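Okay, structure first, notes after.
All of the numbers you see were taken from the coordinates with simple rules; none came from a lab. Computed from a predicted structure; not experimentally measured. Cβ sites come from the backbone with ideal geometry, for glycine too, and all protein chains shown count toward neighbours.
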């Protein structure tokens, strides 16, 4: 029961974090640019979210590898946002990635391995 809660907690937290990051990309549609420039800006804003979607797909099947990807994404975004050098407000956005990554790794380690036939 605890293992099911742990894995679904990690999955839901990762999905909500990705959706939260996707929400910030909607600001690309403001302004007086052409539709092509707005769409390009929208896609560029979503590059980190697309990477996290790939990490979630990996984590869905291989918990430890996906958890490590989420932890790496946390560190990379922390460096990019300068979270560790004075911009501590951005930690609110990227901290769920660390928690989800740790939850995926813990579940991958303590879950019973199924027999392979």
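Order of 39, 1, 92 from fewest to most other C-beta atoms within 10 Å? All intermediate terms of the calculation are to be shown ahead of the outcome.
Details: 39 13, 1 5, 92 10.
Taking fewest neighbouring Cβ atoms as first place, the list is 1, 92, 39.
Can you pull the one-decimal nm distance between simple spin-label points at residue 20 and residue 32, each 7 Å off the Cα toward Cβ?
Here the answer is 3.6 nm between the modelled labels.
Estimate the FRET efficiency between residue 57 and residue 90 by the formula 1/(1 + (r/R0)^6), using the beta-carbon distance for r and 25 Å for R0, to the nearest 0.05.
0.50
What's the angle, to the nearest 10 degrees (0 to 90), between helix 47-61's Cα axis and the longest principal axis of the chain?
10 degrees
I'd like the orientation of helix 91-110 relative to the chain: the angle between its Cα long axis and the longest Cα principal axis, in ° from 0 to 90, rounded to 10.
It is inclined by approximately 20 degrees.
Angle between the Cα long axis of helix 35-45 and the longest principal axis of the chain, 0 to 90 degrees, nearest 10?
Between helix and principal axis, roughly 40 degrees.
Can you give the extra length, in nm with one decimal, that the chain gains between residue 50 and residue 81 once fully stretched, where that is 0.36 nm per residue apart less the Cα-Cα distance?
So the extension gain works out to 9.4 nm.
What is the fewest-to-most order of 83, 111 by other Cβ atoms lying within 10 Å of their Cβ? Please list the in-between numbers first.
On the way: 83 20, 111 13.
Listed from fewest to most nearby Cβ atoms, that is 111, 83.
For the chain, divide the Cα radius of gyration by the Kirkwood radius and give the resulting Rg/Rh value with two decimals.
With Rh from the inverse mean 1/r over Cα pairs, Rg/Rh is 1.08.
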